[in-house]
Amino acid sequence: MSRDQILAFRRRTQGLDQRLPPGSGSLRQAAWAGLQDSVPRSALHSLHARVEGIAPGTWEDPALVQVWGLRFAAYVVPADDHAIFTVARLPDTGPRRARADDIAARLSTFLRDRRLDAREAAAGIGIHPNEIRYGALTGSLLIRWDGARQPTVWTVPRPRIEPFQASIELARRYLRVLGPGTPQGFSEWAGIRMPRVEPIFDALAPSLIPVETPGSDSFLLDEDEPLARSADADPAPARLLPSGDTFFLLHGTARESMVPDPAQRAQLWPSRVWPGAVMVDGDFVGTWRRSGTLVTVEPWRKLTAFERNAIEQEAASLPLPDGEASARFL
(Lines give C-alpha, C1' and ligand atoms only; values in the text may rest on other atoms or scores of the structure.)
Protein backbone atom coordinates (compact mmCIF):
# COMPACT_ATOMS: atom_id res chain seq x y z
CA MET A 1 0.00 0.00 0.00
CA SER A 2 1.23 3.45 -0.92
CA ARG A 3 1.01 6.47 1.35
CA ASP A 4 -2.02 7.75 -0.58
CA GLN A 5 -3.78 4.40 -0.19
CA ILE A 6 -3.09 4.35 3.54
CA LEU A 7 -4.42 7.88 4.01
CA ALA A 8 -7.54 7.02 2.01
CA PHE A 9 -8.12 3.81 3.98
CA ARG A 10 -7.80 5.57 7.32
CA ARG A 11 -10.06 8.43 6.23
CA ARG A 12 -12.75 5.96 5.17
CA THR A 13 -12.57 3.87 8.35
CA GLN A 14 -12.71 7.03 10.47
CA GLY A 15 -15.54 8.77 8.61
CA LEU A 16 -13.42 11.73 7.56
CA ASP A 17 -14.33 11.82 3.87
CA GLN A 18 -18.04 12.24 4.50
CA ARG A 19 -19.60 12.95 7.86
CA LEU A 20 -21.86 10.36 9.42
CA PRO A 21 -25.52 11.29 10.01
CA PRO A 22 -26.53 12.62 13.44
CA GLY A 23 -27.39 10.09 16.11
CA SER A 24 -26.07 7.88 18.89
CA GLY A 25 -24.98 5.15 16.48
CA SER A 26 -22.78 7.58 14.59
CA LEU A 27 -21.28 8.89 17.84
CA ARG A 28 -20.36 5.35 18.88
CA GLN A 29 -18.86 4.67 15.46
CA ALA A 30 -16.83 7.89 15.52
CA ALA A 31 -15.48 7.04 18.99
CA TRP A 32 -14.97 3.33 18.20
CA ALA A 33 -11.19 3.55 18.72
CA GLY A 34 -11.46 6.26 21.38
CA LEU A 35 -11.13 10.04 21.04
CA GLN A 36 -8.42 11.65 23.10
CA ASP A 37 -9.67 14.54 25.23
CA SER A 38 -6.49 15.62 27.04
CA VAL A 39 -6.73 19.08 25.48
CA PRO A 40 -10.13 20.23 26.77
CA ARG A 41 -12.90 19.45 24.29
CA SER A 42 -10.57 18.02 21.64
CA ALA A 43 -12.80 14.93 21.55
CA LEU A 44 -15.75 17.18 20.72
CA HIS A 45 -13.90 18.57 17.70
CA SER A 46 -12.91 15.03 16.68
CA LEU A 47 -16.61 14.16 16.72
CA HIS A 48 -17.37 17.25 14.66
CA ALA A 49 -14.88 16.15 12.00
CA ARG A 50 -16.77 12.84 11.65
CA VAL A 51 -20.46 13.39 12.46
CA GLU A 52 -23.10 15.89 11.36
CA GLY A 53 -24.95 18.05 13.86
CA ILE A 54 -22.38 18.13 16.67
CA ALA A 55 -23.23 20.70 19.36
CA PRO A 56 -21.06 22.00 22.23
CA GLY A 57 -22.61 19.50 24.66
CA THR A 58 -22.59 16.42 22.42
CA TRP A 59 -19.59 14.92 24.24
CA GLU A 60 -21.99 14.24 27.15
CA ASP A 61 -24.41 12.18 25.04
CA PRO A 62 -25.44 8.97 26.86
CA ALA A 63 -23.83 6.96 24.04
CA LEU A 64 -20.42 8.17 25.26
CA VAL A 65 -18.45 8.22 28.51
CA GLN A 66 -15.13 9.65 29.63
CA VAL A 67 -12.36 7.49 31.06
CA TRP A 68 -8.69 7.65 31.84
CA GLY A 69 -7.80 5.44 28.92
CA LEU A 70 -4.73 4.83 26.78
CA ARG A 71 -1.57 6.10 28.47
CA PHE A 72 -3.87 7.38 31.28
CA ALA A 73 -5.00 10.25 29.05
CA ALA A 74 -8.59 11.49 29.18
CA TYR A 75 -10.66 9.80 26.47
CA VAL A 76 -14.22 9.89 25.20
CA VAL A 77 -15.26 6.34 24.26
CA PRO A 78 -18.47 4.40 23.53
CA ALA A 79 -20.34 3.91 26.78
CA ASP A 80 -20.82 0.19 26.25
CA ASP A 81 -17.16 -0.37 25.39
CA HIS A 82 -15.27 1.56 28.03
CA ALA A 83 -13.67 -1.65 29.34
CA ILE A 84 -11.81 -2.07 26.02
CA PHE A 85 -9.85 1.12 26.71
CA THR A 86 -9.13 0.44 30.38
CA VAL A 87 -9.07 -3.27 31.21
CA ALA A 88 -6.95 -3.97 28.10
CA ARG A 89 -4.05 -2.23 29.87
CA LEU A 90 -4.50 -4.08 33.19
CA PRO A 91 -1.67 -6.56 33.86
CA ASP A 92 -2.65 -10.14 34.66
CA THR A 93 -0.48 -10.23 37.78
CA GLY A 94 2.18 -8.24 39.62
CA PRO A 95 2.39 -5.11 41.76
CA ARG A 96 0.73 -2.85 39.16
CA ARG A 97 -2.27 -5.17 39.05
CA ALA A 98 -2.40 -5.32 42.83
CA ARG A 99 -2.28 -1.52 43.12
CA ALA A 100 -5.07 -1.10 40.54
CA ASP A 101 -7.28 -3.65 42.29
CA ASP A 102 -6.64 -2.10 45.70
CA ILE A 103 -7.37 1.47 44.63
CA ALA A 104 -10.52 0.45 42.76
CA ALA A 105 -11.84 -1.52 45.75
CA ARG A 106 -11.15 1.27 48.21
CA LEU A 107 -12.73 3.87 45.93
CA SER A 108 -15.84 1.74 45.51
CA THR A 109 -16.22 1.46 49.28
CA PHE A 110 -15.56 5.16 49.88
CA LEU A 111 -17.61 6.63 47.04
CA ARG A 112 -20.55 4.21 47.03
CA ASP A 113 -23.09 6.06 44.85
CA ARG A 114 -21.42 9.46 45.11
CA ARG A 115 -19.60 11.48 42.46
CA LEU A 116 -16.71 13.48 43.88
CA ASP A 117 -13.85 15.69 42.77
CA ALA A 118 -10.88 13.41 42.07
CA ARG A 119 -8.70 15.23 44.59
CA GLU A 120 -11.31 14.80 47.31
CA ALA A 121 -11.80 11.14 46.43
CA ALA A 122 -8.06 10.49 46.56
CA ALA A 123 -7.78 12.21 49.92
CA GLY A 124 -10.67 10.11 51.19
CA ILE A 125 -8.72 6.89 50.68
CA GLY A 126 -5.33 8.35 51.58
CA ILE A 127 -3.53 8.43 48.21
CA HIS A 128 -1.97 11.10 46.02
CA PRO A 129 -4.45 12.47 43.42
CA ASN A 130 -2.28 11.20 40.55
CA GLU A 131 -2.51 7.63 41.89
CA ILE A 132 -6.26 7.48 41.46
CA ARG A 133 -5.78 6.89 37.74
CA TYR A 134 -4.39 3.42 38.42
CA GLY A 135 -7.84 2.36 39.58
CA ALA A 136 -9.15 3.16 36.09
CA LEU A 137 -7.29 0.10 34.74
CA THR A 138 -9.97 -2.10 36.31
CA GLY A 139 -12.71 -0.52 34.20
CA SER A 140 -14.70 0.38 37.31
CA LEU A 141 -13.92 4.11 37.32
CA LEU A 142 -15.53 6.76 35.10
CA ILE A 143 -14.77 10.47 34.99
CA ARG A 144 -16.22 13.76 33.86
CA TRP A 145 -13.64 16.42 33.02
CA ASP A 146 -14.52 19.77 31.52
CA GLY A 147 -10.93 21.01 31.46
CA ALA A 148 -11.38 23.75 34.05
CA ARG A 149 -10.74 21.79 37.26
CA GLN A 150 -10.10 18.32 38.65
CA PRO A 151 -12.26 15.58 37.09
CA THR A 152 -15.32 14.28 38.86
CA VAL A 153 -15.01 10.54 39.48
CA TRP A 154 -17.41 7.73 40.31
CA THR A 155 -17.41 3.95 40.28
CA VAL A 156 -19.43 1.48 38.20
CA PRO A 157 -19.67 -2.33 38.33
CA ARG A 158 -16.41 -3.92 37.33
CA PRO A 159 -16.50 -5.33 33.77
CA ARG A 160 -16.23 -9.09 33.49
CA ILE A 161 -13.98 -9.10 30.42
CA GLU A 162 -10.45 -10.41 31.02
CA PRO A 163 -7.47 -8.15 30.18
CA PHE A 164 -6.19 -10.39 27.37
CA GLN A 165 -9.55 -10.48 25.60
CA ALA A 166 -9.93 -6.71 26.01
CA SER A 167 -6.44 -6.16 24.59
CA ILE A 168 -7.22 -8.31 21.53
CA GLU A 169 -10.28 -6.19 20.79
CA LEU A 170 -8.28 -3.00 21.34
CA ALA A 171 -5.67 -4.22 18.86
CA ARG A 172 -8.42 -4.95 16.31
CA ARG A 173 -9.66 -1.38 16.67
CA TYR A 174 -6.14 -0.03 16.24
CA LEU A 175 -5.71 -2.01 13.03
CA ARG A 176 -9.11 -0.91 11.74
CA VAL A 177 -8.58 2.84 12.19
CA LEU A 178 -4.78 3.11 11.94
CA GLY A 179 -4.04 0.13 9.73
CA PRO A 180 -1.90 -1.14 8.29
CA GLY A 181 -0.19 -1.35 11.66
CA THR A 182 2.57 -3.13 13.53
CA PRO A 183 2.94 -4.64 17.00
CA GLN A 184 5.34 -1.83 17.87
CA GLY A 185 2.89 0.77 16.62
CA PHE A 186 0.12 -0.74 18.72
CA SER A 187 2.41 -0.81 21.76
CA GLU A 188 3.17 2.89 21.38
CA TRP A 189 -0.44 3.85 20.65
CA ALA A 190 -2.00 1.87 23.49
CA GLY A 191 0.76 2.24 26.06
CA ILE A 192 1.11 -1.55 26.42
CA ARG A 193 4.66 -2.87 26.58
CA MET A 194 5.94 -5.15 23.84
CA PRO A 195 6.23 -8.34 25.95
CA ARG A 196 2.45 -8.19 26.40
CA VAL A 197 1.80 -7.16 22.77
CA GLU A 198 3.45 -10.16 21.11
CA PRO A 199 0.88 -12.73 22.41
CA ILE A 200 -1.91 -10.38 21.35
CA PHE A 201 -0.74 -10.35 17.73
CA ASP A 202 -0.09 -14.10 17.89
CA ALA A 203 -3.75 -14.57 18.83
CA LEU A 204 -4.84 -12.27 15.99
CA ALA A 205 -2.54 -13.90 13.42
CA PRO A 206 -5.24 -16.04 11.71
CA SER A 207 -7.25 -12.89 10.95
CA LEU A 208 -4.33 -10.76 9.69
CA ILE A 209 -2.71 -10.30 6.29
CA PRO A 210 0.81 -8.91 5.75
CA VAL A 211 1.07 -5.56 3.98
CA GLU A 212 4.14 -3.86 2.53
CA THR A 213 4.08 -0.14 3.31
CA PRO A 214 6.56 2.73 2.78
CA GLY A 215 7.70 2.59 6.39
CA SER A 216 7.79 -1.10 7.28
CA ASP A 217 6.11 -4.46 6.87
CA SER A 218 2.74 -4.17 8.55
CA PHE A 219 -0.55 -5.99 9.09
CA LEU A 220 -4.15 -5.41 8.17
CA LEU A 221 -7.30 -7.20 9.25
CA ASP A 222 -8.14 -9.58 6.42
CA GLU A 223 -11.76 -8.39 6.46
CA ASP A 224 -10.50 -4.90 5.61
CA GLU A 225 -8.58 -5.93 2.50
CA PRO A 226 -11.41 -5.04 0.05
CA LEU A 227 -11.71 -1.56 1.55
CA ALA A 228 -7.93 -1.08 1.48
CA ARG A 229 -7.83 -2.07 -2.20
CA SER A 230 -10.75 0.16 -3.14
CA ALA A 231 -9.90 3.02 -5.47
CA ASP A 232 -12.98 4.97 -4.46
CA ALA A 233 -11.98 8.14 -2.62
CA ASP A 234 -13.83 11.42 -2.41
CA PRO A 235 -12.03 13.35 0.33
CA ALA A 236 -13.65 16.29 2.07
CA PRO A 237 -12.52 19.77 0.94
CA ALA A 238 -11.22 20.49 4.45
CA ARG A 239 -11.14 19.08 7.97
CA LEU A 240 -9.72 20.59 11.16
CA LEU A 241 -8.50 17.71 13.31
CA PRO A 242 -7.83 18.70 16.93
CA SER A 243 -4.75 18.05 19.03
CA GLY A 244 -4.31 14.31 19.60
CA ASP A 245 -6.94 13.30 17.04
CA THR A 246 -6.94 9.58 16.27
CA PHE A 247 -6.00 10.15 12.64
CA PHE A 248 -2.52 11.40 13.51
CA LEU A 249 -2.10 9.82 16.96
CA LEU A 250 1.08 8.17 15.76
CA HIS A 251 4.51 7.58 17.25
CA GLY A 252 8.04 6.80 16.09
CA THR A 253 8.61 5.83 12.48
CA ALA A 254 4.86 5.70 11.77
CA ARG A 255 4.96 9.47 11.55
CA GLU A 256 7.54 9.50 8.78
CA SER A 257 5.36 7.96 6.11
CA MET A 258 2.39 10.14 7.00
CA VAL A 259 4.36 13.41 7.01
CA PRO A 260 7.57 12.87 5.01
CA ASP A 261 9.02 16.34 5.59
CA PRO A 262 11.01 16.47 8.90
CA ALA A 263 10.29 20.17 9.47
CA GLN A 264 6.56 19.60 9.07
CA ARG A 265 6.68 16.59 11.42
CA ALA A 266 8.33 18.77 14.04
CA GLN A 267 5.45 21.25 13.75
CA LEU A 268 2.68 18.65 13.89
CA TRP A 269 4.26 16.57 16.68
CA PRO A 270 6.25 19.03 18.84
CA SER A 271 7.68 17.99 22.19
CA ARG A 272 5.05 20.04 24.01
CA VAL A 273 1.30 20.39 23.36
CA TRP A 274 0.41 19.29 19.85
CA PRO A 275 -1.48 21.65 17.56
CA GLY A 276 -4.37 20.48 15.41
CA ALA A 277 -3.87 19.20 11.88
CA VAL A 278 -5.33 20.94 8.83
CA MET A 279 -6.39 18.56 6.08
CA VAL A 280 -7.30 19.67 2.57
CA ASP A 281 -8.49 17.20 -0.05
CA GLY A 282 -7.54 14.34 2.26
CA ASP A 283 -3.94 15.26 3.08
CA PHE A 284 -2.08 17.32 5.67
CA VAL A 285 -1.40 20.93 4.65
CA GLY A 286 -0.61 22.63 7.97
CA THR A 287 -1.47 23.07 11.62
CA TRP A 288 -4.01 25.10 13.57
CA ARG A 289 -4.59 26.38 17.06
CA ARG A 290 -7.60 28.09 18.63
CA SER A 291 -7.92 30.89 21.13
CA GLY A 292 -11.55 31.64 21.90
CA THR A 293 -13.26 32.05 18.55
CA LEU A 294 -10.06 32.74 16.59
CA VAL A 295 -8.59 29.80 14.66
CA THR A 296 -5.02 30.46 13.57
CA VAL A 297 -3.92 28.37 10.60
CA GLU A 298 -0.26 27.90 9.73
CA PRO A 299 -0.16 26.35 6.23
CA TRP A 300 2.82 24.43 4.88
CA ARG A 301 2.28 25.64 1.34
CA LYS A 302 0.42 28.34 -0.54
CA LEU A 303 -3.31 27.64 -0.45
CA THR A 304 -5.69 28.35 -3.28
CA ALA A 305 -8.67 30.63 -2.77
CA PHE A 306 -10.94 27.56 -2.84
CA GLU A 307 -8.86 25.82 -0.17
CA ARG A 308 -8.79 28.88 2.09
CA ASN A 309 -12.55 29.22 1.77
CA ALA A 310 -13.05 25.53 2.64
CA ILE A 311 -10.89 25.92 5.75
CA GLU A 312 -12.77 29.09 6.75
CA GLN A 313 -16.10 27.29 6.41
CA GLU A 314 -14.81 24.39 8.49
CA ALA A 315 -13.61 26.78 11.21
CA ALA A 316 -16.94 28.60 11.25
CA SER A 317 -18.76 25.27 11.76
CA LEU A 318 -16.79 24.29 14.90
CA PRO A 319 -19.16 23.63 17.84
CA LEU A 320 -18.02 26.42 20.15
CA PRO A 321 -20.06 27.57 23.16
CA ASP A 322 -18.97 31.20 22.78
CA GLY A 323 -19.85 31.95 19.17
CA GLU A 324 -18.80 31.27 15.58
CA ALA A 325 -15.08 30.96 14.89
CA SER A 326 -13.13 32.84 12.26
CA ALA A 327 -9.88 31.76 10.62
CA ARG A 328 -6.63 33.70 10.42
CA PHE A 329 -3.86 32.48 8.11
CA LEU A 330 -0.19 33.04 8.95
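The values are calculated or read from the model by the stated rules, or taken from the named source; none is laboratory data. This structure is a prediction, so every number in the text was calculated from the model and none was measured. Note that each Cβ is placed from the backbone with ideal geometry, even for glycine, and that neighbours are counted across all protein chains shown. Areas reflect the complete protein model, heavy atoms only, side chains present, ligands, DNA and RNA absent. Shrake-Rupley method; radii C 1.70, N 1.55, O 1.52, S 1.80 Å.
Of everything in the stretch 77-95 that is over 15 Å from the mean Cα position of the chain (by Cα) and of a type in the set (D, E, K, R), the residue that is modelled with the lowest pLDDT is 92. Remark: pairs (first residue in the stretch 13-24, in contact (Cβ under 8 Å) with a residue 12 or more places away in the chain; second residue in a loop (DSSP other than H, G, I, E, B) and among the acidic types (Asp, Glu); Cβ separation under 7 Å; 6+ apart in sequence or on different chains) = 17/234; 19/52; 20/52; 21/52; 22/52; 24/61.
Among the residues of the stretch 21-34, those that are surrounded by 18 or more Cβ atoms within 10 Å (Cβ to Cβ) and assigned to a loop (DSSP other than H, G, I, E, B) comprise 31, 32, 33, 34.
For the stretch 157-182, the set of residues classified as within 26 Å of residue 140 (Cβ to Cβ) and open to solvent by 40 Å² or more (accessible area, probe 1.4 Å) consists of 157, 158, 160, 161, 162, 164, 165, 169, 172, listed by residue number. Go through the stretch 111-127 and give me each residue that's open to solvent by 70 Å² or more (accessible area, probe 1.4 Å) and at positive phi. 112, the sole residue that qualifies. Looking only at the stretch 92-123, residues that are touching a Gly at 6+ places or on another chain (Cβ under 7 Å), over 21 Å from residue 191 (Cβ atoms) and touching a residue at least 24 places away in the same chain (Cβ under 8 Å) come to 1 in all. For the stretch 237-253, a residue qualifies if it is within 14 Å of residue 46 (Cβ to Cβ) and either assigned to a loop (DSSP other than H, G, I, E, B) or among the polar types (S, T, N, Q) (or both), and the qualifying residues are 242, 243, 244, 245, 246, 249. Total residues in the stretch 1-45 satisfying the condition of being within 17 Å of the chain's Cα centre (by Cα), polar (S, T, N, Q) and farther than 17 Å from residue 321 by Cβ: the figure is 6. The conditions of being closer than 21 Å to residue 170 by Cβ, among the acidic types (Asp, Glu) and touching a residue at least 60 places away in the same chain (Cβ under 8 Å) are met by residue 37.
When residue 189 is tested against (1) at pLDDT 95 or above; (2) farther than 18 Å from residue 71 by Cβ; (3) not hydroxyl-bearing (Ser, Thr, Tyr), just one condition goes unmet, and that condition is (2).
When the stretch 222-238 is examined, which residues are found to be under 26 Å from residue 275 (Cβ atoms) and either without any contact (Cβ under 8 Å) to a residue 40 or more places away in the chain or open to solvent by 20 Å² or more (accessible area, probe 1.4 Å) (or both)?
233, 235, 237
Listed by first and then second residue, the pairs linking a residue in the stretch 199-221 that is part of a helix (DSSP H, G or I) to a residue that is surrounded by 17 or more Cβ atoms within 10 Å (Cβ to Cβ) and among the β-branched types (Val, Ile, Thr), with Cβ atoms under 9 Å apart and 6 or more places separating them unless they lie on different chains, are 200/168; 200/192; 201/182; 203/168; 204/168. Considering the stretch 35-55, the residues that are at pLDDT 95 or above and surrounded by fewer than 19 Cβ atoms within 10 Å (Cβ to Cβ) include one that is farthest from residue 177 (Cα to Cα), namely 55. Annotation: of all residues in the stretch 183-213 being open to solvent by less than 30 Å² (accessible area, probe 1.4 Å) and of a type in the set (Val, Ile, Thr), the one that is nearest to residue 46 (Cα to Cα) is 192.
Kindly indicate whether residue 66 is under 21 Å from residue 251 (Cα atoms) and modelled with pLDDT of 95 or more. No, not satisfied. Looking across the stretch 128-149 at every residue that is over 25 Å from residue 163 (Cα atoms) and in contact (Cβ under 8 Å) with a residue 12 or more places away in the chain, the one that is surrounded by the most Cβ atoms within 10 Å (Cβ to Cβ) is identified as 145. Show the residue pairs meeting these rules: Cβ distance below 9 Å; 6+ apart or different chains; first residue within the stretch 63-91 and farther than 15 Å from residue 158 by Cβ and polar (S, T, N, Q); second residue assigned to a helix (DSSP H, G or I) and open to solvent by 10 Å² or more (accessible area, probe 1.4 Å). Qualifying pairs under 9 Å: 66/59; 66/60; 66/82. When we screen 230, 243 for residues that are touching a strand residue (DSSP E or B) at 6+ places or on another chain (Cβ under 8 Å) and of a type in the set (S, T, N, Q), the only hit is 243.
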